[in-house]
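Report on one structure; see the data block that follows.
The values are calculated or read from the model by the stated rules, or taken from the named source; none is laboratory data. Everything quoted here is computed from the prediction, not taken from an experiment. Ideal geometry is used to build each Cβ from the backbone, glycine not excepted, and the neighbour counts take in all protein chains shown.
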Amino acid sequence: MQIVGSIATLDTCYTPESFLDQKIAIEIYTQTLDWLINVGVDIILLETLGHSKEIKIAIHYPMIIRSQLG
């Protein structure tokens, strides 16, 4: 059995114009992904992300966290 976790967009920014800020996105996604990984989530779904920077951050930071875990 595998456990699936899901990460939605920050705030209600479903459109590119409402993306909050890169620094905020990095902080929130890093914390959220760390929680999901620490509780044993095997698969992480990214849903309804509306800005390319937000998508890149959400994809990039799981790889950094995972590499730090070994």
Exercise for the section: Filter segment 23-70 for residues that are of a type outside the set (D, E, K, R), within 12 Å of the chain's Cα centre (by Cα), modelled with pLDDT of 80 or more and over 14 Å from residue 7 (Cβ atoms) and give the result. Expected result: 24
Problem - Filter result for the condition that a residue is free of Cβ contacts under 8 Å to residues at least 40 places away in the same chain and more than 21 Å from residue 68 (Cα to Cα), over 34, 21 - result: 21
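Taking residue 10 as the residue in question, decide whether it is under 16 Å from residue 68 (Cβ atoms), surrounded by 11 or more Cβ atoms within 10 Å (Cβ to Cβ) and within 12 Å of the chain's Cα centre (by Cα).
no
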